Amino acid sequence: RDPSTNTFGDGDLNVADVAVARLYALGLLPPTPAAGPTTFVVSSADPVDALRSGGRDRRSLSFGEAEAGADGLIRVPVEMVSTGDESGLSFSVDWDPTVFRLVETRAGKEAPEGAYLGTNTTNVEKGSIGVLIDAVGRYEAGKRQILTLVFEPAGGAPTGDYPIRLTDTVVPRYVSTPMGAPLFSTFEEGKLSIGSRYR
């Protein structure tokens with residue numbers, strides 16, 4: 001459905017359709033029935049859960065080693081161990097908002113050329129954002145930095161370790177090929193530390 005006209009579109013496929021698809025993928029537009037069928041169809045099996053439960057590939061997303069800057073900010077990389085066939089990624093990031101405030105989100109230095117980064121920050125005050133990264137090209141095989149998150153620790157926060165997770169809270173976890181086929185991946189959580197190095 002085209003949100004600008006509230007119709008099912010004009011049959012022309014162009015860049016506007018790409019923009020609208022990204023808004024749906026980020027959860028910034030509410031789900032609506034397609035032009036056909038005109039009622040929601042619920043599958044009895046979740047192919048995404050099936051992809052998370054097994055597979056031969058060793059693809060994974062996790063948090064890399066963070067850097068604490070002289071400005072007091074903590075820069076946390078999100079990394080993917082790529083097998084060389086990935087193009088689109090989506091996931092949510094959850095953290096403790098009473099201890100850390102998200103200051104900035106920027107594309108990683110090893111994303112494919114021309115990669116698009118979209119974020120859904122409607123729940124950022126609750127400690128959760130949605131992330132969408134898609135590109136025409138593929139990631140090169142190996143460990144790749146796909147995203148950098150910049151946090152500001154709260155003043156007077158208790159010393160200790162605090163979890164940071166890749167979840168489905170705002171945007172579902174998903175990895176796909178350039179043609180949109182789903183790819184198996186594991187998603188690993190990390191820790192943010194107050195009073196010691198991030199690990």
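The values are calculated or read from the model by the stated rules, or taken from the named source; none is laboratory data. Keep in mind that this is a model prediction, so the values were computed, not measured. Using ideal geometry, Cβ is built from the backbone for each residue, glycine included, and neighbour counts are taken over all protein chains shown.
Only a single criterion out of (1) surrounded by 14 or more Cβ atoms within 10 Å (Cβ to Cβ); (2) part of a loop (DSSP other than H, G, I, E, B) is not satisfied by residue 117, namely (2). Every listed requirement among (1) surrounded by fewer than 21 Cβ atoms within 10 Å (Cβ to Cβ); (2) within 21 Å of residue 144 (Cβ to Cβ) is met by residue 103 save one, (2). Considering (1) within 20 Å of residue 69 (Cβ to Cβ); (2) among the hydrophobic types (A, V, I, L, M, F, W, C); (3) in a loop (DSSP other than H, G, I, E, B); (4) touching a residue at least 60 places away in the same chain (Cβ under 8 Å), the lone condition that residue 157 does not fulfil carries the number (4).
Contact map, region 137-150: residues that are closer than 12 Å to residue 107 by Cα paired with residues that are of a type outside the set (Val, Ile, Thr) and loosely packed, with under 15 Cβ neighbours inside 10 Å, Cβ distance under 6 Å, separation 6+ or inter-chain. Pairs shown: 145/109; 148/106; 150/104. When we screen 53, 87 for residues that are exposed (fewer than 15 other Cβ atoms within 10 Å of the Cβ), at pLDDT below 95, hydroxyl-bearing (Ser, Thr, Tyr) and at negative phi, the only hit is 53.
Hey, can you tell me all the residues within region 120-154 that are within 26 Å of residue 83 (Cα to Cα) and not in a strand (DSSP E or B)? 135, 136, 137, 138, 139, 140, 141 - these are the residues of region 120-154 that are within 26 Å of residue 83 (Cα to Cα) and not in a strand (DSSP E or B). Residues that are over 18 Å from residue 27 (Cα atoms) and assigned to a strand (DSSP E or B) within region 160-184 comprise 160, 161, 162, 163, 164, 165, 182, listed in sequence order. What number of residues within region 122-155 satisfy the criterion of being exposed (fewer than 15 other Cβ atoms within 10 Å of the Cβ) and touching a Ser or Thr at 6+ places or on another chain (Cβ under 8 Å)? The total comes to 7. Residue selection: residue 71 satisfies the criterion of being over 23 Å from residue 186 (Cα atoms), among the charged types (D, E, K, R) and at pLDDT 90 or above. The set of residues in region 69-114 that are in a strand (DSSP E or B), β-branched (Val, Ile, Thr) and closer than 24 Å to residue 194 by Cα comprises 74, 76, 78, 93, 103, 105.
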